[in-house]
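First the structure, in the form of structure tokens, and then the observations on it.
The values are calculated or read from the model by the stated rules, or taken from the named source; none is laboratory data. As the structure is a computational prediction, the values presented were derived from the model and not from experiment. When we count neighbours, we look across all protein chains shown, and the Cβ atoms used for this are built from the backbone with ideal geometry, even at glycine.
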């Protein structure tokens, strides 16, 4: 079957002029070059999250939620509103091991006009650390699970919002 296909292609190629062969070869090379770039762009992830626990005392602590943001990319404040980008949203799975104390705290975001959204936005670049205070309900080690949904944009486009899984290990209290 393959040999018939190859024979057919070779027959038709032999009937083409040199000009057409160069044209189709160039088109094929451009397609082969751009196809992997298009596929890569769809899987790009300019934001990486790292989580840790900081004990304040034997009962109270804070979750440290650090986003490393790629060069020229931004994520947005939890307080972003209006017609701009989607705000960053944190959710934690509740267990009897801990209670959340107040809301996730963020540093002061940068306020800037966005050509993408044609409005002012509240954003973070390079690196941002969010903090969530907790109250421990026991002294044993446990794991806090949660997620963060955020939208990453650069100066010309945005990626769809992405949800990242957060895992924070809280150690035993001595």
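Every residue in segment 65-100 that is modelled with pLDDT of 95 or more, surrounded by fewer than 18 Cβ atoms within 10 Å (Cβ to Cβ) and over 18 Å from the mean Cα position of the chain (by Cα), please.
Matches in segment 65-100: 79, 93, 94, 95, 96, 97, 99, 100.
On the given criteria, is residue 133 outside any strand (DSSP E or B) and over 14 Å from the mean Cα position of the chain (by Cα)?
Answer is no for this residue.
Every residue, every condition in (1) within 19 Å of residue 47 (Cβ to Cβ); (2) loosely packed, with under 12 Cβ neighbours inside 10 Å, yes or no:
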{"residue": "103", "(1), (2)": "no, yes"}
{"residue": "108", "(1), (2)": "no, yes"}
{"residue": "111", "(1), (2)": "no, yes"}
{"residue": "115", "(1), (2)": "no, yes"}
{"residue": "120", "(1), (2)": "no, no"}
{"residue": "123", "(1), (2)": "yes, no"}
{"residue": "130", "(1), (2)": "yes, no"}
{"residue": "134", "(1), (2)": "no, no"}
{"residue": "137", "(1), (2)": "no, no"}
